[in-house]
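Every read-out reported here was derived from the displayed coordinates using simple, explicitly stated rules and does not represent laboratory data. Keep in mind that what you see is a predicted model, and the values were worked out from it rather than measured. Neighbour counts are summed over all protein chains in view; Cβ atoms, including those assigned to glycine, are modelled from backbone coordinates with ideal geometry.
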């Protein structure tokens, strides 16, 4: 409107006389044509009194848009009768009356100069208009989003319509032409969808990074409108709806990252059209189905991550076409079949090959030796068989090797010693046999060696002492014999030699490793006394010496404060002496297992105050005596108390059970693992040991490993406890087992024992309990093992759904007053109450006493006749006299 108004004003002010219009030639009128980029029609001023504009044909000068760049001048090219691609397509053509030529030229020149300035000004505004379109699109999308309060410094807070996106909006980068080329707002706390994002407004956008936010909904198909896009990162959001096939039209895309989204669906085959794609990351997006063979056409691809999905089927041999592949991640899927050998022969640049946690079968291809640049190889947890190929020794650049949890057999090849750069070697849980090759000592950079769970035999080679950088060594669960070799590494954090046949005394080599945190020597044939230097290890967290032949007293001397020790296992040895005083230093102790030894004396009273974190206390099968110290009530974290098979006596202390707060609710977390962190190959490696505890559970002995964190129970059986069962026992509602058998407990079973809803095993047999079985016991819906035999219980056995499944009569044996299922039915008409049963029993007892009196009296009277002649003569005379009188009266009557 502004251009129209100004043109009209100029032509009115310089209006020519009507008579002179005929003097103006066509060539002169053509000089009055001006360019405007705001109009598409040409108007002619009328000669009538009321001027109006008439549309007419025109010739146009094509204009190339003014640019802010100094190197882009305006170019005008004459083109008659042709529609222009620029918005400058129509002209204003004033029709003049007759006037003199000079005045017309002056007027025309002024108008032309003014409108030329106006055209250039408007032309220069064109990029600013496009920038405004992009800014408006971003601001419109922002209005649909929510930003969490924790992200007050979010880049979106700088987005304002009052400023330009280029330079002042955080996360926005522009190119030289002023167009938005990159949008980068990761981890900004942004929540919303992409539905309102106008992809068509960003033709120059080359990089879009919205990762680490809370975006939801589907990825719009019109993302394909980003014609210049080279990198798309939408990872770590909540996007759903699958991977749009339209992404395959982004022919310039080089990086596509969608990891950690619940997208679901299949991998679209259209992604094979991305000819220049180098990085494809679809980790943990819930993909299903098979891997499209077409992806093998991605010749430029060097990074592929499809791990942590539900992909199935075989690995396509067509992947051999990805000749530039460097890193392949397919772990944690359901892939099967054999590993295609051609991958190793066709990928000369591959450095990382991760297929762990799948179902691949067959053997490890010998062609693996062709992948000369391979640094990381993980085939753990598959179904691979056969032997470890000797060709693996050709991978001299290998740093990480994990073949664990397969079904590999045969020996460890001696060529393994060629892997001089190897840092991690895990061969655990296979069927490897024979001995460990001494060449293993030449891998001088080795930090982690895991041989756990094989059939390896013989002695460990002495060359292991050459591994000076070892941080973790696990030789557990094999058939090793001989002595444990000297350990040369002073950096060792974790050492495990459990469940072998090692001989000798405690290896003093471990006392010299100050960094040692985890030590497991359990289930061997070690013997002798424990050295004092054992307690010099200040960083020791986990120590398991159980199931050996160690003897003597536990050393009480040591320079360390043992403040790190969390788990101590000394069970099933031949240790003697009293309660170890060294434990007074173990302020962080969580698990203490001293069962099956010959410890004696009493539990020291400081146990409650000095071991505040104790959760498991197992002292069963020792010679401890005396009473339970009331200070144990200070162990508020205690969840497993096993004092069975000792010589404890006296009553169960009042208040002991009332303060065991960890037993008052169920445990729900597996949180009893000793963890040690260590950096390996720039990654955080976690070494852990899970506690193993033997528990007498449901009349049998079970070993709980890991799940012991969920176990809550009390076992006081096989002692000489007396008195009544404390009523506060019913407050321990997290209990899963309770064993009070083989004591001298008396009184009644607590009436509210039915409050122990999680109780699965209850044994109160071989005591002196009396009275009726509480009816609340029928509320124990989880009860699967019950033994109340050999007591003085009476009355009718309560009825309940779960109790009806316990149909073995022996669980109530030797309780003379009990009746009901599964014993004999109670008397007919019995109300089932205790009073009625007592009355019936009194009647029975009365009848029995009368009969007993008659029998005894009869035998006393008969005995007097046999042994006393005078009494016998007198009795017989009386009988004769009585008979004579009876016969006399009978005759008189006749």
Checklist entry - Using the count of nearby Cβ atoms within 10 Å as a rough guide to exposure, how do 147, 364 rank from fewest to most? => result 147, 364
Checklist entry - What whole number of Å gives the distance from the Cα centroid of region 266-287 to the Cα centroid of region 429-449? => result 39 Å
Checklist entry - When the distances between all Cα atoms of region 839-893 are binned every 5 Å from zero, what whole-number percent does each bin get? => result 4, 16, 13, 12, 12, 11, 12, 9, 7, 3, 1
Item to check | In range of the label at residue 598: residues from region 555-583 whose backbone nitrogen is under 11 Å from the point 7 Å along Cα→Cβ | outcome: 574-577
Checklist entry - Could you put 469, 402, 807, 593 in order, starting from the residue whose Cβ has the fewest other Cβ atoms within 10 Å? => result 807, 469, 402, 593
Checklist entry - Once label points are set 7 Å from the Cα along Cα→Cβ at both residue 891 and residue 245, what is their separation, rounded to one decimal in nm? => result 13.6 nm
Next on the checklist: At 0.36 nm per residue, and after removing the present C-alpha to C-alpha distance, how many nm does the segment from residue 465 to residue 553 gain when stretched out fully?
Outcome noted: 28.6 nm
Checklist entry - Within region 727-771, what residues put their amide N at less than 13 Å from the label point 7 Å along the Cα-to-Cβ vector of residue 665? => result 733-734
Checklist entry - Roughly speaking, what is the centre-to-centre gap between region 768-806 and region 322-367 when only Cα atoms are used, to the nearest Å? => result 61 Å
Checklist entry - Between residue 196 and residue 148, what FRET efficiency comes out of the Förster formula 1/(1 + (r/R0)^6) with R0 = 22 Å and r the beta carbon distance, rounded to 0.05? => result 0.70
Checklist outcome for this item: Stretched fully, the stretch from residue 300 through residue 682 gains (0.36 nm per residue minus C-alpha distance, one decimal, in nm) 134.8 nm
Checklist entry - Once a ≥ b ≥ c are taken as the square roots of the eigenvalues of the Cα gyration tensor of region 460-562, is the result rounded (a/c under 1.5), prolate (a/b larger than b/c) or oblate (a/b not larger than b/c)? => result oblate
Checklist entry - Between region 396-420 and region 592-650, what is the C-alpha centre distance in whole Å? => result 47 Å
Checklist entry - For residue 338 and residue 563 in the same chain, what is the full-extension length gain: residue separation times 0.36 nm, less their Cα-Cα distance, in nm? => result 75.9 nm
Checklist entry - Rounded, prolate or oblate: which fits region 375-470 when a ≥ b ≥ c are the square roots of the eigenvalues of the alpha-carbon gyration tensor, with rounded for a/c under 1.5 and prolate only if a/b beats b/c? => result oblate
Checklist entry - Taking neighbour Cβ counts within 10 Å as the exposure measure, how do 535, 630 sort from fewest upward? => result 630, 535
Checklist entry - Using a simple spin-label model with points 7 Å from Cα along the Cα→Cβ vector, what separation in nm is obtained for residue 505 and residue 733? => result 5.5 nm
Item to check | Cut-off 18 Å (backbone N to label point 7 Å along Cα→Cβ of residue 361), residues of region 332-351 | outcome: 333-341
Checklist entry - From the Cα gyration tensor of region 554-680, with a ≥ b ≥ c the square roots of its eigenvalues, which class applies: rounded if a/c is under 1.5, or else prolate if a/b is larger than b/c, or else oblate? => result oblate
Checklist entry - When DSSP assigns beta bridges and you keep just the ones with both residues in region 651-803, what percent turn out antiparallel, to the nearest 5? => result 45 percent
Item to check | Two-site label geometry, residue 609 and residue 391: point separation in nm, points 7 Å out along Cα→Cβ | outcome: 7.0 nm
